Amino acid sequence: MKITKVETFVLSNQLKETFFFSQWAYSERRIFIVKITTDEGVVGWGEGYGPADMIKAGVNMVTPLLIGENPLENETLWFKMYRKTLDFARRGVLAASISAIDVALWDIKGKTLNQPVSVLMGGQHRKRVVPYATGLYFSESDDLRSKLVAEAKTYVKQGFKAIKMKVGLSVSKDIGMVKAVREAIGNDINLMIDSNHAYSLREATELARAVEQYNIGWFEEPVSPEYYHHYSALRTKTTIPIAGGECEYLRYGFQTLLENDCVDILQVDICGAGGLSEAKRISTLANTRGVEIVPHVWGTGIAFHAALHFIANLEPIPGRLHPPDMYIEYDRTENDIRESLTSPSIEMKNGYIDVPHTPGLGIEVDEEVIRNFSAEILI
Ligand code: MG
């Protein structure tokens, strides 16, 4: 079996309503997708997390290493791509290029061997996971607090057991919003907060201590990803578990987070940090230190399903008769590409999403949707 073609796509959709978080505003969803074709007609799909046009350039750069090679040897191909990019991009966007290809190769492997990716990764420790709603972004609203409260109540009505909200406007504004959302959703729903590294250690400590009373599931990216020592210091100053890792790349980057005891919950992004192959290695590192993983997920059904298989395969830490449910991040912000690109559509039943048992990632990609959202390339 040989790889015959690697096709890259940048998809774009202008949003009806701009939303923002502590760092930037979103008025467009811009997404990178890769399709890998083999001489036996089997096709695999992957997705990259990050600046789509740059990820596309990275995939084009490593494509000559893939053409004519056996897609089932995905780890040797991973290493070749890594070695090709190592001198220029030990962290960042080229890791996302490798990630997209790696996910597509796993999809091919699953379809070829007629097995779900999670089974080929070693097996499914669980058959279903609990999606948490990612939403509650900021917007230009006269009454942001009421808007967030209404949105949070919608998630509760839809059956979500956990919700993550943005913080990072200012410590005092955040405290008011967290209080309002907690009061609106009651005490049975898990509530997490995410500042996207908006704060200094002093501010993050102040916010964490002030919202401890609202029973916060985790505080995500409280401080800059560059300040590993601030992450570990914050963990000693609050009872709220600390989460992070969506800006980290490859096993070597995650090793630094782990060695410094930075987080309680490690958030590897499969489509950014090195693909399913590297995420599996990172999970072994985390496991040796007893650190939980809840992957960061942002994108289409391709990224979501890659995460579903990865989570299904995660070994429970520690093992026990009744291990707790595991979370998957489920972005609920406006995204027409996500809603239409893949089938079957993602379905939540009684607060759970089933792990697919069909071959590969377990999805079909609608190429008509790719044509409809096809973007002009920026670089
Ligand atoms: Mg985040």
Looking at the range 74-93, is at least one residue part of a helix (DSSP H, G or I), touching a Pro at 6+ places or on another chain (Cβ under 8 Å) and of a type in the set (Lys, Arg)?
no
Do we have any residue at all in the range 254-263 that's among the hydroxyl-bearing types (Ser, Thr, Tyr), more than 15 Å from the ligand (Cβ to nearest atom) and open to solvent by 10 Å² or more (accessible area, probe 1.4 Å)?
yes
Identify, from the list 243, 286, 303, 273, the residue that is within 16 Å of the ligand (Cβ to nearest atom) and over 16 Å from residue 101 (Cα atoms).
243
Can you confirm whether residue 134 is open to solvent by 20 Å² or more (accessible area, probe 1.4 Å) and not charged (D, E, K, R)?
no
Taking the condition of being under 14 Å from residue 173 (Cα atoms) and touching a residue at least 40 places away in the same chain (Cβ under 8 Å), how many residues in the range 141-160 meet it?
0
If the Cβ limit is 7 Å and pairs must be 6+ apart or interchain, which residue in the range 223-240 that is within 14 Å of residue 199 (Cα to Cα) and of a type in the set (S, T, N, Q) pairs with which residue that is at pLDDT 95 or above and assigned to a loop (DSSP other than H, G, I, E, B)?
224/197
Residues 129, 119, 93: which one is touching a helix residue (DSSP H, G or I) at 6+ places or on another chain (Cβ under 7 Å), of a type outside the set (Phe, Trp, Tyr) and closer than 22 Å to residue 305 by Cβ?
129
Quick check: anything in the range 17-34 over 30 Å from residue 140 (Cα atoms) and touching a Leu at 6+ places or on another chain (Cβ under 7 Å)?
yes
Residues of the range 124-175 satisfying the condition of being among the polar types (S, T, N, Q) and within 16 Å of the ligand (Cβ to nearest atom)
134
Do we find a residue being within 16 Å of the ligand (Cβ to nearest atom) and over 22 Å from residue 20 (Cα atoms) anywhere in the range 183-203?
yes
Can you confirm whether residue 209 is out of contact with any Gly (no Cβ under 9 Å at 6 or more places or on another chain) and either open to solvent by 40 Å² or more (accessible area, probe 1.4 Å) or away from the ligand (no atom under 16 Å from the Cβ) (or both)?
yes
If you scan the range 137-155, which residues turn out to be in a helix (DSSP H, G or I) and open to solvent by less than 50 Å² (accessible area, probe 1.4 Å)?
144, 148, 149, 152, 155
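Yes/no per residue for (1) touching a residue at least 24 places away in the same chain (Cβ under 8 Å); (2) within 23 Å of residue 268 (Cβ to Cβ); (3) touching a Phe, Trp or Tyr at 6+ places or on another chain (Cβ under 6 Å); (4) not in a strand (DSSP E or B):
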{"site": "9", "(1), (2), (3), (4)": "yes, no, no, no"}
{"site": "13", "(1), (2), (3), (4)": "yes, no, yes, no"}
{"site": "26", "(1), (2), (3), (4)": "yes, yes, yes, no"}
{"site": "34", "(1), (2), (3), (4)": "yes, yes, no, no"}
{"site": "56", "(1), (2), (3), (4)": "yes, yes, yes, yes"}
{"site": "95", "(1), (2), (3), (4)": "yes, yes, yes, yes"}
I'm told residue 294 meets every condition in (1) farther than 21 Å from residue 92 by Cβ; (2) within 16 Å of the ligand (Cβ to nearest atom); (3) open to solvent by 20 Å² or more (accessible area, probe 1.4 Å) except one. Can you identify the failing condition by its number?
(3)
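The values are calculated or read from the model by the stated rules, or taken from the named source; none is laboratory data. Model, not experiment: these values are computed from the prediction. Reconstructed Cβ throughout: ideal geometry from the backbone, glycine too, with neighbour counts over all protein chains shown. The protein model used for the area step is the full one, side chains on, heavy atoms only, and it has no ligands, DNA or RNA in it. Shrake-Rupley method; radii C 1.70, N 1.55, O 1.52, S 1.80 Å.
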